[in-house]
1. Looking only at strands (runs of 3 or more DSSP E) that lie completely in segment 233-318, which have at least 3 residues being within 12 Å of Leu204 (Cβ to Cβ) and touching a Gly at 6+ places or on another chain (Cβ under 7 Å)?
2. What's the number of the only condition in (1) over 15 Å from Phe184 (Cβ atoms); (2) modelled with pLDDT of 85 or more; (3) surrounded by 11 or more Cβ atoms within 10 Å (Cβ to Cβ); (4) under 23 Å from the mean Cα position of the chain (by Cα) that Ala326 fails to meet?
3. So which residues in segment 162-178 are open to solvent by 30 Å² or more (accessible area, probe 1.4 Å), assigned to a loop (DSSP other than H, G, I, E, B) and either touching a residue at least 40 places away in the same chain (Cβ under 8 Å) or aliphatic (A, V, I, L, M) (or both), if there are any at all?
4. Assess whether Tyr194 counts as being closer than 30 Å to Pro284 by Cβ and in contact (Cβ under 8 Å) with a residue 40 or more places away in the chain.
5. Looking at segment 44-84 only, could you name the residues that are touching a helix residue (DSSP H, G or I) at 6+ places or on another chain (Cβ under 8 Å), open to solvent by 10 Å² or more (accessible area, probe 1.4 Å) and farther than 22 Å from Gln137 by Cα?
6. How about segment 233-252: which of its residues are open to solvent by less than 50 Å² (accessible area, probe 1.4 Å) and among the polar types (S, T, N, Q)?
7. Got a number for residues in segment 306-321 being within 16 Å of the chain's Cα centre (by Cα) and surrounded by 17 or more Cβ atoms within 10 Å (Cβ to Cβ)?
8. Mind checking whether some residue in segment 179-187 is more than 30 Å from Thr152 (Cα to Cα), open to solvent by 40 Å² or more (accessible area, probe 1.4 Å), under 24 Å from the mean Cα position of the chain (by Cα) and not acidic (Asp, Glu)?
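The values are calculated or read from the model by the stated rules, or taken from the named source; none is laboratory data. What you see is a predicted model; the values in this text were computed from it and never measured. A quick note on method: Cβ atoms are made from the backbone with ideal geometry, for glycine too, and the neighbour counts reach across all protein chains shown. In case anyone asks, the SASA skips ligands and DNA or RNA and just uses the protein heavy atoms, side chains included. Shrake-Rupley method; radii C 1.70, N 1.55, O 1.52, S 1.80 Å.
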Amino acid sequence: MVEVDFALLRVVPVMADTAFLEIKSLADLQRALREGAAESLYLDFKASEAPAPEKINEICKDVTAFANAAGGQMVYGVTEDKIANTFSVDGGVKNPKISREWLDNILKRVQPPLQGVRIDRFEVSQGAYAFVITIPQTQTGPHQANDHRYYTRTELQSAPMNDFAVRDVRGRAMSPVLSANLAFDTGRKKHLRYDDERAESISLFISIDNLSPTPALYTSLLVGVDASSKVIHVDQLQSMGQRRDADGKTFRWYQRQFAVPNDMPIFKEAIYGVPNGTIHFILPEKNAIVQYDIRVTVETPGFSKRWDWIMHKFGPLIEMEPDPAA
């Protein structure tokens, strides 16, 4: 029996169904600016001078405003031509102390803690970088900034929240907010051991976290595995047959359902997630390079969400990652 450290299975949930086009690379940013991207409810551009130690309150204010509103992206490294009303990439952040880790530590001052925030960095010139903070709409807020105030995003700026707005955001947490996580016994990556080039078996663990204080009493977990993969065994999952989805991908489907009183509710306090199923695969020979799609849907009253993952095998290394095309 494989011993699993479930702390390795808990990862930051990835936002998959945003209402805006995400900027994930310098090419994305350049294309967006070339096509006339402008600041909006979901997007805010800041010059490279904005992320600085003396502007910590402003960073927290802007990020919490997006989380408390509809979600969005903060882009550091863009300058505005106010006459032409256009934006362009500036010289980039050159201070070596400003890093993804520095920004992450700043955002830890927000209360309650933000969920699902992603920080990307890409080089715009030698030794200079742009930063993009992607913020999902909160389901566990409202979030209080570093100055102990609550903010929301209006069309083009961050503004203080009135009592009605605070109550409205707090009401989002009335339903469970679940996150499905996939990992091997070693986390997202695993180095395989082969014996005389024979196929290696691998176990993929699926767990569910609840990001909301509202427990999930009735939950359905549906897992689709690429039909081209070789599944040899599943634990705690029921086979539902094979079918092709609307996007043309064919999966073998497995399901598990949870319901009280037979099963425990899924609580936020279960901080390492609930081990909800295991799929065992036989992989091709040692040097083979393959890619398998994994699709997961979780539903509970008031909440439904789908995640698409890719399982890559590069020779003896296997890795799980969210599907960037999803």
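1. Numbers: elements: 238-244, 250-259, 274-282, 289-300, 303-314.
Passing ranges: none, list empty.
2. Against the list (1) over 15 Å from Phe184 (Cβ atoms); (2) modelled with pLDDT of 85 or more; (3) surrounded by 11 or more Cβ atoms within 10 Å (Cβ to Cβ); (4) under 23 Å from the mean Cα position of the chain (by Cα), Ala326 comes up short only on (2).
3. Initial filter on segment 162-178 (open to solvent by 30 Å² or more (accessible area, probe 1.4 Å)): 162-164, 167-168, 170-172, 174-175.
From the residues that got through so far, the ones that are assigned to a loop (DSSP other than H, G, I, E, B) too are 162, 175.
Once the filter is applied, which keeps residues that are open to solvent by 30 Å² or more (accessible area, probe 1.4 Å), assigned to a loop (DSSP other than H, G, I, E, B) and either touching a residue at least 40 places away in the same chain (Cβ under 8 Å) or aliphatic (A, V, I, L, M) (or both), segment 162-178 yields only Ser175.
4. On the way: closer than 30 Å to Pro284 by Cβ: yes; in contact (Cβ under 8 Å) with a residue 40 or more places away in the chain: yes.
Yes; evaluated as a whole, the condition is true for this residue.
5. Once the filter is applied, which keeps residues that are touching a helix residue (DSSP H, G or I) at 6+ places or on another chain (Cβ under 8 Å), open to solvent by 10 Å² or more (accessible area, probe 1.4 Å) and farther than 22 Å from Gln137 by Cα, segment 44-84 yields only Ala50.
6. Once the filter is applied, which keeps residues that are open to solvent by less than 50 Å² (accessible area, probe 1.4 Å) and among the polar types (S, T, N, Q), segment 233-252 yields only Thr250.
7. So in segment 306-321, the residues within 16 Å of the chain's Cα centre (by Cα) come out as 306-310, 320-321.
The next check asks that each one be surrounded by 17 or more Cβ atoms within 10 Å (Cβ to Cβ); those that pass are 307-310, 320.
Number of matching residues: 5.
8. yes
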